[in-house]
Structures are given as C-alpha cells and as structure tokens.
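> First the structure, then my questions, so here it is.
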2 protein chains.
Amino acid sequence: MRIKSSTHAIVQMAVRAKVASRGLSLLPTSAKNAALHAMAKALTQEKSYLMKENQKDLQAARKQDYPQALIDRLTLNSKRIDEMAQCLRDTAKLKDPVGEALNTWKRPNGLVIKKVRVPFGVVGIIYESRPNVTSDCIGLCLKSGNAVILKGGKEAFYSNRAIFFVLKNVLKHTQMPHEAIQLVASTDRQAVNILLRQAQYVDLIVPRGGEELIRFVAKYSSIPVVKHYKGVCHTYVSDKADINMARSICFNAKVQRPGVCNAMETMLVNRNIAKRFLPVMIDDFHKAGVEIRGCPKTLRVAGSGIKLATEKDWREEYLDLILSVKVVDSLKEAIEHINTYGSHHSDAIVTKDNKEAEQFLKAVDSACLYANASTRFTDGYQFGFGAEVGISTDKLHARGPMGLEELTTYKYQVYGKGQIRK
Amino acid sequence: MRIKSSTHAIVQMAVRAKVASRGLSLLPTSAKNAALHAMAKALTQEKSYLMKENQKDLQAARKQDYPQALIDRLTLNSKRIDEMAQCLRDTAKLKDPVGEALNTWKRPNGLVIKKVRVPFGVVGIIYESRPNVTSDCIGLCLKSGNAVILKGGKEAFYSNRAIFFVLKNVLKHTQMPHEAIQLVASTDRQAVNILLRQAQYVDLIVPRGGEELIRFVAKYSSIPVVKHYKGVCHTYVSDKADINMARSICFNAKVQRPGVCNAMETMLVNRNIAKRFLPVMIDDFHKAGVEIRGCPKTLRVAGSGIKLATEKDWREEYLDLILSVKVVDSLKEAIEHINTYGSHHSDAIVTKDNKEAEQFLKAVDSACLYANASTRFTDGYQFGFGAEVGISTDKLHARGPMGLEELTTYKYQVYGKGQIRK
C-alpha cells in the first residue's frame, strides 16, 4: 500500500479523490457522522498498532537529536489517541454546513435564486506538525463534504501512515467513498511540487507549518491557497486604558504560550501612560523571563535591562519570550505602525474609551481585532467554531480562524418555469 | 499627467492607492454617494471632450482595419456617455456593503464577536473591453470602499484616459481621497507585469477580457485573482422535459447573444426524447444560421446538414453561432459530461420532474445551475445585484456574478472586558 511519489501516482491519486468527492458531496449528514464515529472507534481499537508505528518515528527523531519539544509533539500515547478519537466525535456533533441556503430571493421575472453552501471538492493539506493533524483534518474535510489529500512531515512519516491506514480501512464499511481520503506517503518535497500542480483535480490547498513551508507552497501552487505566513500581533495600550487590565492582557498575550501565531510580538504604549504603565509591566515581563527590545523612549522610561530595538524588530515574529516595545504619540500612530509592520493577523487595543476602541477596530487592517481582550483568542475553538483547519491572513475567501464553513464554497441554484432572456 | 510605466511609477501608484484606501474605507455612505453623483454630472458636462478623445481611438482602429463590431464597442456617443453617468447614479443607489455585520455572537467567557464586512483595500482591474468599463468599475470600487488601479486595453487608450481625467478631477471637490483612483496610462504589457507583483499594496486583481488575457494575468500575478477563463455552458434536455419549453430555452441560450460567456455551447439530449425533440430543435437552429456539430447519434436522428463533432468540440467555447449536440443515455451521463468537459460556469436542465432537477442542481459542479431557465441569466443585473465587476468560476471567495458584496472581505471585531486565555 506504499504509494510512490512519481508524477503518475500523484495525478492518479488526485483523479481518484476528485471522483470520490462527487459522491461525497451528496452524502447525507447521518452517513458522514456514522463514518466519523466508526473512525473514532477504530483509532481507540488500534492503539497498540499506532503506538508501535509511532515508535519508529520517535527512534529516528532521537537518533537525529531532535529537540525534546519536537519529540514530545511527535509522541502518540493512549491519552493522545483518545483525544484524536474524541476530536472526530466532536466534529460529528458540529452542524453540517453543506446544503445550507445562504440566501434565497425571487426576481421580478419569477426566477427563484438560491445561494447554497457546497463543498470545495478536493482539499489538499500540507503540514509538518503533530500526527493528530492527520485524523483532525480528515474529520473536518469529510464532515464538510470534501475529499482530502494529506501530505505530512517526514518526522511523523510512520505515525501519519498508520493513522491513515486505520481510518481508510474503516471507510470500506461505511457509505463514505473509499477514495475520499488519500495520503502522499512519501518524504520528498518533489511529491508536494507535483500535488501543487493538479489544479484540474484539487480545489484548495491549506498549508500548515512554519513560514518557510508556507512560502514554498504559495510560490509553487497553481491551486488556490488559504494561509497565513506569520503572526506579528500587537497590543496598543491607550492612555485611556485601565492599567491593571492592560497588564493582565499584555502578559497573557505574550507569556501564556509564546510559540504560537496569535501571541503578542510588539506592545505599543501611548506616551501619556508610558511612565505609569511601562515600569510595572516590564517588571512583570522580566520576572517571567521575557527579553524586552524597546524604542529609545522605552529605554528612557524603563531602561534597566532593556535592549534597543532595531527596525528589523518591528517585523519580527519571535515565537519566543521576546517582546518589542514602542512608545507612540497617538492612536493614529499606533494604527499606522500596525498597518505598516504587522502581519494582518490579530491586534488588540486596551482602552476605556469606546469611541477610540471603535476607531482602532475599524482602521486596523487585520483579520481579528480586539478591544480589551487578549490576542490569544484567535482560534477556531475559542471563536466557537468547534474546530479549525487553520488561520488565514488572506483576504480572499476566509479570513481569521477557519472552521467547517470555511471548507465550503457556494453555488447558485436557479429555479425557473421556462424563463428566457429578453 | 501622462504616467510612465516604469517599475518605480507603478510601485508609487500602488503605494498612493494603498494610502488612499485607508481613508476611503472609513468614509460614510453619504460621502461616497455624493462623489458618485458629482462624477456622473462631470461625465455629461464633458461630453465633447470625451468624444473628441474617443475619435483618436476610433481613427487608429479604422487605420488598423479593426472589425466593425470592435469599432462599435469602442465608440462613445452622447447616449453612451449618458448611460455611463446613469450607471454611476445607479451604483450610488445600491446598498453600501461596508460595515454590515454578517454575524454577531457571544462566547461563554463574555467575548462578543462581530463578523463585519470591510473593503479589500486596493483592487486592480485589467480589461480590454469597452471604455464604459472605466467609469463602471470606478463606481463599483469606490462604493465598496476600495481604491482602484485600472489598466485598460490599448484600443481604448485615449478614451479611457479622458474618462479617468474627468472623474479624477471631480474627486478634488469631494471627501473621497484624490488618489483613490489610478490609471496605468501605458499601452505595454510590461506595466501589467509590474502591477501584478505589487502584492504588498494591491489586494485583489480582477481581469476582464478574453481567455488569453486572463490566463496571462493568472500566470504572472502574485496577487489573488478572481476570474473566469471561459464559459462552456450546457443545457440538458431530459426525456421528462416540456418540448416547447426546451426549444424556447435552448434557442434563447444559444442565439440571443452568442458572443458572451453565459451562452450555451453544448446541448445534451436524453436519448428517449431525441427523436421527438432534435429534428424540430435543429430546424429552429438552422433557420437562425446556427452551425450544428453533433455526436453520431445526433447525426442519425437529425442528420441533414450536421457536422460530426470531434472530442475537441466538447471543450470548445465557440462564442459564435455554432453548437455542439450530444445524445446521452441518462441524467447521470449528462452530469458526468458537464463535470468533465464544462467550465463550471452556468448549466441548465429542462425537465418537469422536480426530483431530477434537484439531482442535477446538486451534482453539477458549476457556479450557476438552472432548472427550466436559460443560462443567459448569469449576470449581476439579472441576479438583482444592480451591477457586476465580472463573473467568477473560481471557488475561492466569489463564485458566479460579482457585485458590490464580492468586492468586500470581512474582519472579526471582538469586544472584551479584560478576558485573557486560560
């Protein structure tokens, strides 16, 4: 069952997925949910096989002296397999977006036009993270009526393949077309290159991983890609902020989980509040081990132990306990800084002035804008979407967290009684 | 005021448009409408100037022996300028999509999430058709809060430039940022190449014109493109069709305006109705001067004066009085033919059986599906959108006719009271 990464094999895989997607798009919700439950059951039943295959990846990782954090992310244990199964069951519970009438209206000539949500067809997911992405994404794609082609990272090769085999075997006993899930079981990037050129059969590509992978995918894909490159997220502390609230929000945005895309990378502080706010805030950060890189004004106000920020810092996604800090003269300067240096991901203002908050939320050109809350909430689960395939900073199609609805497009169904164009 | 097409000039134009888009996105509807009305007035006041400039294009076109149809499309006369002005006034009447709350919900932690429609920012429109596109697209982009960069075809160089100058001069006397509209006043394709690489400043590209232009734009753009390459539209006449309705719909779809993307190019006929339907239908077509290219079965049933279709015909967009005809065994075969050979634009079924109609509308993977109506209705005006920037066969973002709403994206505005992520 090992699939070669030759051009022919990838093209055939895409063709089979496309054919399967036609039947899948017409399946009732109950059939899709039954398949998800059967898949969840199989994962828990095949725990020992999954953990045995996972050992092969772990051994290779240890041999190559991968960092402990990566080895931890790679590990499949009983609890994690249970969580993967639960995610499939949770996805089964989510509302099926397919077939939803987004709008219906009647034209003067009697034509009834219905705008209806439909699956994309075939979704390609290229990722390099944890093995659970394999089953999570299979669940989301199938529930939204899409066939899926997966290409995981080489570190998780055996684990991904094992999860895939278990889930694919289940499909035989369901109404789901057996070819609706496909895995590019190859470790070379050439396979990705071939996949990215199958625009005739693949409708959407979602890359998940580091900026380098995403740039590679965006550059070589002839298929539409929904993505974000990075998250350079800001919090602007207005001079009308509640200082305690600002301390709590900024601390949370930076420290709670610094390695993720919705963590704060730059803090902007109004000059009128800088002297009262910065010393206490930076003290909090220092205690948590955060390295501060400040503008000259920041250094003047709270100089001890602060590095001078360079122009490069304002565009940097540290993904670490590092924070750049800038004192700004006004709301306007804060907005301009974010629109110039930001990544259009998630940005927050802390202020007690509703008018100012509204101005910030309107004028900043980002996917998610927060008034008086942490940027860490940009996440499909936190938004109430139940699950997410990723977060988009694109403006086309989906922006922000992407759940089941974002895995669908729409079509117009028009009902006539013989109308012709005059 | 002639703008050079050097890289620097195009980049500067994109930067100015981006800066202008920030202010424009915050303008109230009344200010945008006032500008559109002032622009409409200016067009009618400057008729003689516009017609004088238009003469330069017409003279060049006659010198190069352009076909009469092209010269006709190029011509600006008093009536056409009035229509352009009226289009701007009609656009002013349309509902402003900017700021519309698409959804608002509250999370258990008290966060209020608002999904709000916002402009893209800067839209680039690359076209090769009639000069009225210049003012129509300026109106649509400004009303939807977007700055616009226009690049028209070389045949209409002087006309486009004149319309642009008149409209740009008006902006000085309105609240609209003066740099919100830009024209690449150059006739070489190199300028397009440079524009297509300004992803940092331009948010969306809409190409309008022939398939060759659109393929060029899609190939070289690093900016997201919404487009359709061609319209290979089908009508399937079921054995459960009302024969008179089928004759009327098929005739309209092919003959009323054969040169447009929503005209029918292939007619599929169920074999059980072929003998009753095809002879009369093909007789109608022959009387209207339509050349028929049929499958072997079509030739057997209504052979006189019919050419044998080749495999190539099933993928052909004739844009002319030519029609390919195929007899199929079943609804299933019709659906498969359309999904295989079609362009995912507009396809119709004629049938009295609602269940069959519903099956067709669900299973055909196209932007617009019709039950018992002509495919010629795929059009922003006919759908009731008031106007259109184009028609998309893409699945990302916009599908089918694109009006004002399709010139917007969305952002999430999240209102908190100090919430942090646990």
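Values in this text are rule-based calculations from the coordinates and carry no lab data. Predicted model only: the values in this text are computed from it and were never measured. Quick reminder, even Gly has a Cβ in these numbers, built from the backbone with ideal geometry, and neighbours come from all protein chains shown.
> Normalized C-alpha radius of gyration of the range B:306-422, against 2.2 N^0.38 Å? Don't skip to the answer; put the middle values down first.
Values: Rg = 19.8 Å, N = 117, 2.2 N^0.38 = 13.4 Å.
For the range B:306-422, the normalised Cα radius of gyration comes out at 1.47.
> Assuming R0 = 56 Å, what is the FRET efficiency of A:T44 and B:A218, from their Cβ-Cβ distance, to the nearest 0.05?
Working: r = 46 Å, r/R0 = 0.82.
According to the calculation, E is roughly 0.75.
> Another question about this same structure. So the label point goes 7 Å from the Cα of B:E336 along Cα→C-beta, right? Which residues of the range A:5-19 then have their backbone N under 19 Å from it?
A:12-19
> Which trypsin sites (Lys or Arg not before Pro) does the range A:1-78 hold that lie in a coil by DSSP with at most 15 other beta carbons within 10 Å?
Numbers: sites: A:R2, A:K4, A:R16, A:K18, A:R22, A:K32, A:K41, A:K47, A:K52, A:K56, A:R62, A:K63, A:R73; in loops: A:R2, A:K4.
Passing sites in the range A:1-78 are A:R2, A:K4.
> Rounded to whole Å, how close does chain B get to the rotation axis onto A by Cβ? Give me the residue too, please?
B:H397, 2
> For q values of 0.23 Å⁻¹, compute log₁₀ I(q)/I(0) with the Debye formula on a Cα-only model of the range A:1-86, without solvent.
Scattering profile of the range A:1-86, log10 relative to I(0): -1.02.
> Taking Cα pairs under 8 Å and at least six residues apart, what relative contact order does the range B:233-377 come out at, in percent?
Details: 283 pairs, mean separation 48.7, N = 145.
Answer for the range B:233-377 is 34 percent.
> Which whole number gives the average count of other chain Cβ atoms within 10 Å of the Cβ atoms across peptide B:364-375? Please list the in-between numbers first.
Numbers: counts 3, 11, 2, 4, 5, 7, 8, 6, 7, 12, 7, 2.
For peptide B:364-375, the averaged partner shielding equals 6.
> Another question about this same structure. For A:Q68 and A:K52, compute 0.36 nm times the residue count separating them, minus their Cα-Cα distance, and round to one decimal in nm.
On the way: separation 16, 0.36 × 16 = 5.76 nm, distance 1.96 nm.
Net length gain for the segment: 3.8 nm.
> Still on this structure, I have one more. Please report, largest first and rounded to whole Å, the three semi-axes of the ellipsoid equivalent to chain B, where each semi-axis is the square root of five times an eigenvalue of the C-alpha gyration tensor. Each step should come with its number before you reach the end.
Numbers: eigenvalues 342, 170, 68 Å².
One finds semi-axes of 41, 29, 18 Å for chain B.
> Same structure, new question: How long is the range A:167-240 along each principal axis, judged by its Cα atoms, biggest number first, in Å?
62, 29, 24 Å, listed from the longest principal axis down.
> With N set to the number of residues, divide the alpha-carbon radius of gyration of the protein assembly as shown by 2.2 N^0.38 Å and report two decimals. Can you show the working numbers first?
Values: Rg = 28.7 Å, N = 844, 2.2 N^0.38 = 28.5 Å.
Ratio of Cα Rg to 2.2 N^0.38 Å: 1.01.
> What spacing in nm lies between the two simple spin-label points modelled at B:K312 and A:Q86, each 7 Å away from Cα in the Cβ direction?
The modelled label-to-label distance comes out at 6.2 nm.
> Let me ask something additional. Among DSSP beta bridges lying fully in the protein assembly as shown, give the percent that are antiparallel, nearest 5.
Numbers: 32 of 118 bridges.
Counting only bridges with both partners in the protein assembly as shown, antiparallel ones make up about 25 percent.
> Another one. Return A:K227, B:K93 ranked ascending by Cβ neighbour count within 10 Å, so the fewest neighbours appear first.
B:K93, A:K227
> List, shortest first and in nm to one decimal, how far the label point of B:R107 (7 Å from Cα along Cα→Cβ) is from its counterparts in the other copies.
Taking the point 7 Å beyond Cα along Cα→Cβ, the inter-copy spacings are 4.2 nm.
> Which one of A:A334, A:V11, A:V255 has its Cα pushed farthest toward the positive end of the charge dipole of chain A, where Lys and Arg give +1 and Asp and Glu give -1 at the Cβ?
A:V11
> On to the next question. Between B:G145, B:G342, B:G384, which gets the highest mean-square fluctuation from a Gaussian network model of chain B, Cα cutoff 10 Å?
Ranking B:G145, B:G342, B:G384 by mean-square fluctuation puts B:G384 first.
> Put a point 7 Å out from Cα along the line to Cβ at A:Q86; what are the distances to that point in the other copies, in nm, shortest first?
Spelled out, the distances from A:Q86's label point are 6.5 nm.
> First measure r as the distance between the Cβ atoms of A:K287 and B:W105, then evaluate 1/(1 + (r/R0)^6) with R0 = 35 Å and state the FRET efficiency to the nearest 0.05. Provide the component values of the computation, followed by the final result.
Numbers: r = 37 Å, r/R0 = 1.05.
Calculated transfer efficiency: 0.45.
> Let me ask something additional. Select from B:C295, B:C261, B:C250 the residue whose mean-square fluctuation is largest in a Gaussian network model of chain B (Cα-Cα springs shorter than 10 Å).
B:C295
> Another question, if that's okay. Looking only at Cα atoms, what is the convex hull volume of the range A:233-376 per residue, in Å³? All intermediate terms of the calculation are to be shown ahead of the outcome.
Numbers: hull volume 12.3 nm³, N = 144.
Output value, Cα hull per residue: 86 Å³.
> Using the 7 Å Cα-to-Cβ label point, sort the distances from A:D188 to its equivalents in the other copies shortest first and give them in nm to one decimal.
Here A:D188 shows inter-copy label distances of 4.2 nm.
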